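Each value in this text was obtained by applying a stated rule to the coordinates, not by laboratory testing. The shown structure was predicted, so the numbers you read here are calculated from the model rather than taken from an experiment. Note that we place each Cβ from the backbone using ideal geometry, even for glycine, and neighbour counts take in every protein chain shown.
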Amino acid sequence: MKVPLLSIELPLLSFYLATPAVFVTLHFYVLVQLRLMADKVSAFVAAVEKESGGNPTTRALALKQLDSFAGAQLLALRHLGKWSPPVQIMVWATFAVFPVLLLLFIQLQFLPYHSVAVTWWHRANLLIDLALLWLLWSSGGSRFGRWQAFPALIAGALVTSIVVLFSVVLATVPDESADGLAERLPGSVQSCRSEESKAPLSSLWQRLWASITKVEGAQRTQTVNCGVETQSLFVAARKALFDGPIDDTTQRETSLFSRRLILPDENFVPEDEKTVSELRRTRVLRGRDLRYAVLDRANLRKADFTGARMEGVSLVGAQLREANLKNVRLRGASLDDAEAQDASFELADLRGAFLTRANLQSASFVCAQLRGAWLLAAQLQGASMQSASLQGANLSYSKLQGAVLQDAELQGANLEGAELQGISFVNAQLQGAVLQDAKMKGASLQNAQVWRTTVDRASARGWSNEVDLNDLGFAQEPPEDGNPCAPESFKGPQDGRAVTWEYWTNLWMSDVPEGKALNRMDAITHLKVLTAKISPLEEKTQRANWPKKPAALGSRRAATILATLACDGSSGPHVARGIIAQLLIGLAEPGRFLDSQGAGFASRLANTTACAGSRQLSESDRRSLAQIATGRPF
């Protein structure tokens, strides 16, 4: 970006650092010059008065020699006791009002980038400029309208206070230290919890007016019925000014200002498909603060978001194929209908996130936190979700063929109607999960924990020859420790307390945001089955839905089923990749292991003419397939 007046090209950050400082310096110079000029004009007018002897004609001729500069003219008129509103307005607007507004504008323009340090730099420049105005402008005696009148002094102090309050209390970066000042200031207003007005400023004014006039009757009844809440006046003002809802038509915020990036339908990658395919990364956004940004339908293929803060971000319908979102904080984010095939969400925080109908084939969610996430009807064929935390997640009617959920935590997860053919639940924690109407052919539940897991009796009884149920566990004891990938605070009590299901369910849901679809409440509802008190007879009935003697699926039968699923081809290479990943893990640690049948499985996938699902396998996939064919563990 180019700095005004200096014509110097600077990066965005440098521009927003340099511009306010340059402007305040120039403003300081102008104010000092005006102050010096005021002394000269005062002396000039006094000399004219003395020489003219009070003769208006002589005085008028002498004053014509004065420069036509508005500041000089205003000073001369004031000394003569005359009043010129146009000149007065022009001088005040040019030298006092517009400079302050410009500095506020600079702060507001940079606010969506969420840099606390730069925002405080902008505030410091604004405060310095206000101090200069009080020091050099208002103290100029009769030169510039000396603020001797008490009402004028009060008005000036009031305007200054409003500007400072707006800059420090309202125009804040989310969650910065100044963000909490609004809650501590006096004043409150009542509003509906479910209210989301398309005209937030008008709505705020109506609520303020109702509070002032003490509206009763129908309006008061309506407020009570909608769930009234008392909100700090300044918090409500900030929400109305900066945090309005997004208009569905214009895709812009309905509030006057914004403190988040709004870039829907933006193309961040080269348009040339060949160029994109050759690039390892199209955009590097590592560690950026993109909280609450609106990037709906944006093209971010192969973008690198490693370690970025993206809580509450909206990526509805966004192109995220092969994007790197490792260790990204996406709590409460919206990724509905997103295209994120082959994307990496390893170690990402997706608690309470929305991924309804998202295309996530072959995506990696290894060690990701997905508690209370909403993955309804998501496409997850071949996805790697090893050691992921999915407590209370909604995966109903999702497609998870060939997915890897080994060691995953799925307590209270909803998998109703999901397509789970060929999935690996090896060592998974499925206590209280819902598997009703799920398609399980070729799935492995080896050593999985299924206490109080809901299944169809008719379906489960037929799993003996289709599902690996080796070492299936029905123990009702809660886990002693949490997921090894989870933060320390989620690894069991450290103070010697007994581990209970109540402890775990409360801990899992403690920081899941409710969100627009009430993810947290839905998750809590499904997790209640783990803490509910039921009779021994009911426990026995639930156990009876499972085969009486759960057994392993023979390696020959398993190889046949898995090869058929991998070669289907309706989901491209994703199912084949997922199954290959499962078998590769089984060579290194307890898991799926085809033993001598691995050669037959690999041979069938190697025939790309007959096996459509293996035609797009990478060289790395084929090397893994060769390793599986040997049947030798690592």
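Using the count of nearby Cβ atoms within 10 Å as a rough guide to exposure, how do Phe365, Phe242, Phe95 rank from fewest to most? Mind showing how you got there, number by number?
Details: Phe365 31, Phe242 22, Phe95 19.
Starting with the residue having the fewest Cβ neighbours, the order is Phe95, Phe242, Phe365.
Test of understanding: what is the full-extension gain from Val276 to Ser464, defined as 0.36 nm times their sequence separation minus their Cα-Cα distance?
Taking Val276 through Ser464 to full extension adds about 63.0 nm, to one decimal.
To the nearest 20 Debye, how big is the dipole of segment 267-376 about its Cα centre, given +1 on the beta carbon of each Lys and Arg and -1 on that of each Asp and Glu? Numbers along the way, then the final one.
On the way: 18 positive and 15 negative charges, 83 e Å.
Value, rounded to 20: 400 debye.
Which ³J(HN,Hα) values in Hz, rounded to whole numbers, follow from the phi angles of segment 295-310 under the Karplus curve 6.51 cos²θ - 1.76 cosθ + 1.60, where θ = phi - 60° and Gly and Pro get x?
Result, rounded to whole Hz: 10, 4, 6, 6, 8, 10, 4, 6, 6, 9, 9, 3, x, 6, 9, 9.
Under the rule a/c < 1.5 gives rounded, and otherwise a/b versus b/c splits prolate from oblate, where does segment 238-389 land using the Cα gyration tensor?
oblate
In the neighborhood of Cys367, defined by Cβ-to-Cβ distances under 12 Å, what is the net charge if each Lys or Arg adds +1 and each Asp or Glu adds -1? Numbers along the way, then the final one.
Values: positive: Lys326; negative: Glu346, Asp349, Asp407, Glu409.
My count for the surroundings of Cys367 gives -3.
Could you go through segment 539-544 in sequence order and give the Karplus-derived ³J(HN,Hα) for each residue, using 6.51 cos²θ - 1.76 cosθ + 1.60 with θ = phi - 60°, rounded to whole Hz, and x for Gly and Pro?
4, 5, 5, 4, 5, 5
Would you mind ranking Met90, Met440 by Cβ crowding within 10 Å, fewest neighbours first?
Met90, Met440
Treating cross-link reach as a plain straight distance, find the aspartates and glutamates whose alpha-carbon is under 13 Å from the alpha-carbon of Lys533, omitting any fewer than eight places away in the same chain.
Straight-line reach from Lys533, under 13 Å: Glu502.
On full extension of the chain, what length is gained from Arg457 through Glu514, given 0.36 nm per residue of separation minus the C-alpha to C-alpha distance? Intermediate values should be presented prior to the final figure.
Numbers: separation 57, 0.36 × 57 = 20.52 nm, distance 3.35 nm.
That works out to 17.2 nm of additional length.
If we count every other residue with Cβ under 11 angstrom of Asn447's Cβ, Lys/Arg +1 and Asp/Glu -1, where does the sum land?
Net charge around Asn447: -3.
Could you compute the FRET efficiency for Ala152 and Leu13, with r as their C-beta to C-beta distance and R0 at 45 Å, rounded to 0.05?
Approximately 0.65, to the nearest 0.05.
Residue-wise, which Karplus ³J(HN,Hα) couplings in Hz belong to segment 264-274, taking 6.51 cos²θ - 1.76 cosθ + 1.60, θ = phi - 60°, and x for glycine or proline?
x, 6, 7, 9, 9, 10, x, 6, 6, 4, 5
Are any of the pairs Lys441/Lys528; Lys441/Lys549; Lys439/Lys540 more than 21 Å apart by Cα-Cα distance, and if so, which? Write out the running numbers ahead of the final one.
Working: Lys441/Lys528 29 Å; Lys441/Lys549 18 Å; Lys439/Lys540 24 Å.
Pairs exceeding the cut-off: Lys441/Lys528; Lys439/Lys540.
Provide the FRET efficiency to the nearest 0.05 for the Lys549-Thr609 pair, computing r from the beta carbons and using R0 = 51 Å.
On the way: r = 41 Å, r/R0 = 0.80.
Efficiency, rounded to the nearest 0.05: 0.80.
Reported to two decimal places, what Rg/Rh ratio describes segment 555-630 when computed on Cα atoms with Rh from the Kirkwood expression?
0.92
Modelled label-to-label distance, Glu589 and Lys528, 7 Å Cα→beta-carbon offset: nm?
If labels sit at Glu589 and Lys528, their model points lie 3.6 nm apart.
Enumerate the amide H contacts of Ser364 below 5 Å, restricted to partners 5 or more residues apart or on another chain; note that Pro and chain-start residues carry no placed amide H.
For Ser364, the qualifying residues are Ala343, Ser344, Phe345, Ser384.
What spacing in nm lies between the two simple spin-label points modelled at Gln88 and Arg283, each 7 Å away from Cα in the Cβ direction?
5.1
Can you give me the distance in nm between label points at Tyr29 and Ser596, each placed 7 Å from the Cα along the Cα-to-Cβ direction?
Output for this residue pair reads 9.0 nm.
How would you rank 502-509, 441-448, 547-554, highest first, on the average number of other Cβ atoms within 10 Å across their residues?
Numbers: 502-509: 18.9, 441-448: 25.0, 547-554: 14.8.
Per-residue Cβ counts within 10 Å, averaged per peptide and sorted highest first, yield 441-448, 502-509, 547-554.
Treating only the Cβ atoms of Lys and Arg (+1) and Asp and Glu (-1) as charged, compute the dipole magnitude of segment 555-630 about its Cα centre; round to the nearest 20 debye.
Dipole of segment 555-630, to the nearest 20 debye: 140 debye.
Where a ≥ b ≥ c are the square roots of the eigenvalues of the C-alpha gyration tensor, would you call segment 331-552 rounded, which needs a/c under 1.5, or, failing that, prolate if a/b is larger than b/c, or oblate?
Oblate, because a/c is 1.5 or more while a/b does not exceed b/c.
Using +1 at the Cβ of each Lys and Arg and -1 at the Cβ of each Asp and Glu in segment 283-404, identify which of Asn359, Tyr292, Ser314 lies farthest towards the dipole's positive end.
Tyr292
For Tyr29, Tyr113, what's the fewest-to-most ordering of other Cβ within 10 Å of each Cβ?
Tyr29, Tyr113
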